[in-house]
Structures are given as structure tokens and as C-alpha cells.
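Engineer: Please see the structure below; I have some questions.
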Amino acid sequence: MTTSTPSTSRTDDAGRASADGPSTEIRHGGAPEGVDAHDWRRTAVVYQIYPRSFADANGDGIGDLPGITARLGDLADLGVDAVWLSPFYTSPQADAGYDVADYRDVDPLFGTLADFDALLARTHELGMKLVVDLVPNHSSDEHRWFREALAAAPGSPERERYIFRDGSGPDGSLPPNNWPSMFRGPAWTRTTNADGTPGQWYLHLFDTKQPDWNWENPEIREEFLSILRFWLDRGVDGFRVDVANSMIKDQALPDVALDSDGHPAGHFTSPDGESEIEGAPSPYLDLDGVHEIYRSWRAVLDEYTPGRMLVAEAWVQPLSRLALYVRPDEMDQAFNFDFLAAPWNAATLREVISASMANNDSVGAPTTWVLSNHDVVRHATRFGLKRAGGLHAGIRAVDDQPDAELGLRRARAATLLMLALPGSAYLYQGEELGLPEHTDLDDDLRQDPTWWRSGHTEAGRDGCRVPVPWEGDAPGAGFGPTGLTWLPQPAAYARLARDKQRGVPGSTLEMYTAALAARREFQLGAGSLSWESTPGADAVALRNGAIRVVCNTGSTPIPLPAGEVVLASVELPGDGTLPGDAAVWVR
Ligand code: NOJ
Ligand code: CA
């Protein structure tokens, strides 16, 4: 396809558009010397499975490991390189499995260790890698060691595995400090002694049922090295590390600075948002001490061949701090949440992409792009909302409802932009179907602890965790054999089911499949990015190897770049323009 030549503007190193001066090419993202640019740990497209909502084999309405194994072929067809499994370990499910009672076993809800081994074997047979979730900041209160800690005396070795303290105030009836739980409410719960009298308090940065481990205790460090080996010996290819930035706490346990919404210092804000308490250090987020832990983990992973991977879930700002997690002797990747949290705005996107790559270039690491996961409002809905923000808070029926069509249109464009970038990319189950968030779920059905801990002011994350539709005409959209689903699916899910999109030109599923094939063909994951002149302030324009990408975040058409169109997020009008809220790959 031929098109008009783009314009006069260009971008500087921070990706800002500027309209005059000679164009300088800024390249980002190449592998450092001596490093294999094609290593899957730098380039993979990883598909996140949230086990309870992916596929149900035994018909109880909750997804399980055999359900996943039976559907892995669809992921190989989609063209992903790896699968990341959210927690499937023994757990009372107080936080959907992020409350682990036994790190070395499978919860009966999801199956058995033998089911896990079968899943792993099938993943490898299909040529994909398997990454499992590791939750090292806290356990379940039903973990054997926490029960032993409760039964033991203050100051005992059993209590030293967790963070127990006497209360403050004259009679110890107040929490030791003001730290808030990330799920709202205080981060401390008081225990009761065997004789019924009130006892010490324990720290839980998340739910009451998620006591924080004491990482100052060498026994905990040893225990996690052993857990790593347990799964590595079984053959897993890597770990996604939950809240990788919070394991180390300031031992003086000082109060944290809180903003007017009760958000603590170090709280993540969207890249164009402003923190009210900038500069105040957090006593428990992103302390330097965490890095020593990851260096010891790296050493264990390096004992295994082929190479195993660590990816940090760390809501850390600024990007220069995030880059510290991916220094050569630490993790391979860290999720880029600045990218995920960026609003639909070309200038912010350019800045975030450029800054992310520049920061990671400085430590020789790839960037790890992501738009959706099980903790945030799905991007097909987010981009259709009038108000920005509310990433984690969820959407209720009483809230402003999204423009679903606009949201999906922008989501498809955002995805094409993301999949053209060098580095690794993460997809959250169902985004390849263009699934929206469930935005009018019955409040009585909500299960996320955020909902009750916030006193019913924040819906929480259930809306992005709804069971995935496979067959549009089957009960429960084919989630399982009985039609049961642990959360009801929104009406749109039947129409968006996989079988309704497979082989349908222009469907979101076909767009993702084509994008992953082209990403592989043109080796975009191992490529490097250079900025191109932007045909307007609302455009992101870049080149990665043979592919030029233009993404139009505005509503008015802009000129298409010259060349053959490889992929487009919308049907192009054929007049040499790229419509608003659309993206295109051209070679
Ligand atoms: C981050 C996980 O992604 C989230 O789902 C969980 O609630 C918290 N960490 C606590 O483990
Ligand atoms: Ca099941």
C-alpha cells in the first residue's frame, strides 16, 4: 500500500514529539555484547493463566489444572512462547491462592501434583515454557509455621518466622504502627493468647489471612531457596515473583507518611499522575535489602540448564529503581507497570516507552510490556472509560459504565503497539478475545478481599477474573462440562467466545494470532527501537527492524507510513490514512 510521507515532527530521547530540527535516531533495546539477543528470557510472549478462571475439567465451576492441560493446544495455536500460572498451591483461597498454606503441593481445588506434572509435560511437548508464581512476602495464616507461631510464646523461634510485635498505647491495644494493608484497613491484627487474653499483633501488608514472613530470619531465606529447588527440579522454567519489592521492612517499623486518601508513601501513581507525598521514603516498599535476596535466587537458578527465568512483580517508581531488579545478577525481567498504567495518550506512551527502554538499557535488560493482568481493570474496558485512574479499584454497576466499542478499538491498537516493541510481552487470559471487564457484577457475589476491607467502597478485582468463554453456544460459554462458573459471565462473553472468533477475519483472536506470527517472523522481541517522525501530536511512530509502527491515539485520521501493511487494528479505509484510535504495522 502506498501512502503519503509523514511529516515534520520527530521525537527526542524521551519520546516527546518536536516539530523542527534535524531528526536524530535514538535506538533502544539491543542486547549487550556477549548476551544472546534471542534468549526466550529476553523476548518471550508469555500468556498468564489465572487457574480458577481458565478452564474447568471436573465441572465444579472452578478452573483446574486438567482443564488447563486440555486447552494448552489453543495457546500453542495462538503462538505464545510461554505460560505463567498464577498460584495453584494448597491454600484456603482467602486471596484466590496468593495465600499459600503449602508451597510444595497443589490445592485439591485445582488437582494434584501429578496433574501439575502432566500440565508441565504437555506445555513442553507443545514447545512452550512454564513459569509458576512464587509468593514470598507472606504465607497463609493456615501455613503450618504460622499456626506454630500462634501457639508459641512471644520471642520464640516460631514467632521469629513472622513479624510479631507488642501493641502500642498504654495497654498494647493499638497497632504497633500506622501501616495500612494494601487491601485497605490496618496491616496489623491482634492475636489472642491461649488463655483468652489479648496478645501480640502480627503484620500483614495484605489480608489478615496473609501474615508477612520475616526475611531477616535466615531460616526463611533457606526455606525459599529450597522451595525454588523443589519446582526447578520438577522442571519449571521460571518464577513470577509476587510483590517482589516488599519483603524487606525497616526494622524500626516507623510510621509511614499517608496522603489524604490514606495511600502510603511509595504508592504507585499513573505515569502522568502526581503523588501528594513525593520524596517520603517507604519503610516497607522497595528497600535496597531486597536485592540481596534476588542475587541469592539467581545463583540457584544459574545451577540449572537450560536457563531459568525470574520476573518481578514490583509496582516500583521511578523506572530507574525498577531497573535495579533486572541487573545482570538479579532477575531477568520486571513487569513494566508504568506502561500498563499509561493513559491512552501518545505523548505519555512515547515517554514511558522511551524511559523504560533507556533505564533497562543501562543495566542490559530487556523491557517487559504488559497491559492487563488479574489485578487491574482489563484494558479493553480501561480505555473505554471517561475517567482515568481506578486501575485496581474495579467497576460497579453504580459507576460510570465504559464505552465498550471504543475501549476494544483502543485496546486492539494498544496491543499492536505493545507487540511491536522489543523485549518480552505478557498477555492476560482472554485479552486475545477482547474480553471486557465485568462491570455490573452483583455486589453479593464479590470475592476479592478489597471489597469488604474497603467497607464496600472499592469493587476490587473480581471483574477481570471472570471465567473465560470457549464455546459461545454452550452453557457457561463452554468454561466447563456443567455450565457452572464461579462468577457469572457478562452477556458479551458468549459472542466473544473463542469458537466464535476462530478463523473469522478481523476478529480480535485472529489479530492477536497474526501479530504473534509476525512478531516471530520479524524477530521483533530481539530487535531494537528507533523513533520515527510523528505525523502529529497524537501519534506514536517507531521502527523495530523491518517493521514500522504507527499508533494514532487521537480521533482524526493521520497519514499512513509508506510501505506494505502487515497488520492493522482496524479495517483501513484505503485512502492512505490511519483512522483514530488505531495502529498499523508496515514493512
Ligand atoms: C499481587 C498479586 O498479583 C495479587 O493478586 C495479590 O493479591 C497480591 N500480590 C498479594 O499476594
Ligand atoms: Ca474444577
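The values are calculated or read from the model by the stated rules, or taken from the named source; none is laboratory data. Small disclaimer: the values here were computed from a predicted structure and weren't measured. Cβ sites come from the backbone with ideal geometry, for glycine too, and all protein chains shown count toward neighbours. To get the accessible areas, we keep the full protein, side chains included, count just its heavy atoms, and leave off ligands, DNA and RNA. Shrake-Rupley method; radii C 1.70, N 1.55, O 1.52, S 1.80 Å.
Engineer: Return the residues of the stretch 523-540 that are under 17 Å from TRP369 (Cα atoms) and aliphatic (A, V, I, L, M); say none if nothing qualifies.
Structural biologist: Listed by number, the residues that qualify are LEU524, ALA526, LEU529, VAL540.
Engineer: Restricting attention to the stretch 153-201, and to residues there that are among the hydrophobic types (A, V, I, L, M, F, W, C) and surrounded by fewer than 19 Cβ atoms within 10 Å (Cβ to Cβ), which single residue is nearest to the chain's Cα centre (by Cα)?
Structural biologist: This residue is LEU174.
Engineer: Continuing with this model, one more query. How many residues does the stretch 480-518 hold that are farther than 29 Å from LEU109 by Cβ, touching a helix residue (DSSP H, G or I) at 6+ places or on another chain (Cβ under 7 Å) and of a type in the set (A, V, I, L, M)?
Structural biologist: 4
Engineer: Counting just the residues of the stretch 132-144 that are over 22 Å from ASP233 (Cβ atoms) and not acidic (Asp, Glu), which one comes out farthest from ligand 1 (Cβ to nearest atom)?
Structural biologist: Among those that are over 22 Å from ASP233 (Cβ atoms) and not acidic (Asp, Glu), it is SER140.
Engineer: With the condition kept exactly as written, say whether any residue in the stretch 264-279 is at positive phi and open to solvent by less than 40 Å² (accessible area, probe 1.4 Å).
Structural biologist: no
Engineer: Write out, first by first residue and then by second, each pair whose Cβ atoms fall under 8 Å of each other, whose residues are 6+ apart or on separate chains, and whose first residue, in the stretch 474-491, is over 16 Å from CYS464 (Cα atoms) while the second is of a type in the set (D, E, K, R) and open to solvent by 20 Å² or more (accessible area, probe 1.4 Å).
Structural biologist: These pairs meet every condition: ALA477/GLU471; GLY478/GLU471; GLY478/ASP499; GLY480/ASP60; THR482/ASP60; LEU484/ASP60.
Engineer: A further question on this structure: Given the residues ASP255, ASP286, ASP259, which is the only one that is acidic (Asp, Glu), open to solvent by 10 Å² or more (accessible area, probe 1.4 Å) and on the phi > 0 side of the Ramachandran plot?
Structural biologist: Exactly one residue qualifies, and that residue is ASP286.
Residue-by-condition table, conditions (1) touching a helix residue (DSSP H, G or I) at 6+ places or on another chain (Cβ under 6 Å); (2) closer than 26 Å to TRP452 by Cβ:
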{"site": "VAL135", "(1), (2)": "no, yes"}
{"site": "GLU142", "(1), (2)": "no, yes"}
{"site": "ASP171", "(1), (2)": "no, no"}
{"site": "ARG190", "(1), (2)": "no, yes"}
{"site": "TRP213", "(1), (2)": "yes, yes"}
{"site": "ILE227", "(1), (2)": "no, no"}
{"site": "PHE230", "(1), (2)": "no, no"}
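Engineer: Moving on. Applying the selection to the stretch 45-95, what residues are within 16 Å of ligand 1 (Cβ to nearest atom) and of a type in the set (Gly, Ala, Ser)?
Structural biologist: Listed by number, the residues that qualify are SER53, GLY63, SER86, SER91, ALA94.
Engineer: Could you give me the residue pairs with C-beta distances under 8 Å whose first residue belongs to the stretch 165-180 and is without any contact (Cβ under 8 Å) to a residue 60 or more places away in the chain and within 26 Å of ASP261 (Cβ to Cβ), whose second residue is hydroxyl-bearing (Ser, Thr, Tyr) and in a loop (DSSP other than H, G, I, E, B) wherever it lies, and which are 6+ apart or on separate chains?
Structural biologist: Final answer for the pair search is GLY167/SER173.
Engineer: Okay, moving on. State whether the residues of the stretch 520-529 include one that is part of a helix (DSSP H, G or I) and over 30 Å from ILE62 (Cβ atoms).
Structural biologist: yes
Engineer: Kindly establish whether ALA414 is assigned to a loop (DSSP other than H, G, I, E, B) and either open to solvent by less than 50 Å² (accessible area, probe 1.4 Å) or away from ligand 2 (no atom under 16 Å from the Cβ) (or both).
Structural biologist: It is false that ALA414 is assigned to a loop (DSSP other than H, G, I, E, B) and either open to solvent by less than 50 Å² (accessible area, probe 1.4 Å) or away from ligand 2 (no atom under 16 Å from the Cβ) (or both).
Engineer: Can I ask one more? Residue check: is ASN193 out of contact with any Phe, Trp or Tyr (no Cβ under 6 Å at 6 or more places or on another chain) and over 21 Å from PRO283 (Cα atoms)?
Structural biologist: Yes.
Engineer: Give LEU433, LEU419, LEU391, LEU408 a once-over and let me know the one that is at pLDDT 95 or above and open to solvent by 20 Å² or more (accessible area, probe 1.4 Å).
Structural biologist: Only one candidate passes the filter, namely LEU408.
Engineer: Going through GLY235, GLY199 one at a time, which residue ends up being more than 24 Å from HIS291 (Cα to Cα), more than 16 Å from ligand 2 (Cβ to nearest atom) and touching a residue at least 60 places away in the same chain (Cβ under 8 Å)?
Structural biologist: Numbers: GLY199 fails: touching a residue at least 60 places away in the same chain (Cβ under 8 Å).
Of GLY235, GLY199, the one residue that is more than 24 Å from HIS291 (Cα to Cα), more than 16 Å from ligand 2 (Cβ to nearest atom) and touching a residue at least 60 places away in the same chain (Cβ under 8 Å) is GLY235.
Engineer: Cβ-Cβ distance below 7 Å, separation of 6 or more or different chains: which pairs start in the stretch 357-380 with a residue that is closer than 18 Å to ALA411 by Cα and end on one that is of a type in the set (Lys, Arg) and more than 16 Å from ligand 2 (Cβ to nearest atom)?
Structural biologist: Close Cβ pairs satisfying both conditions: SER372/ARG378; HIS374/ARG461; ASP375/ARG461.
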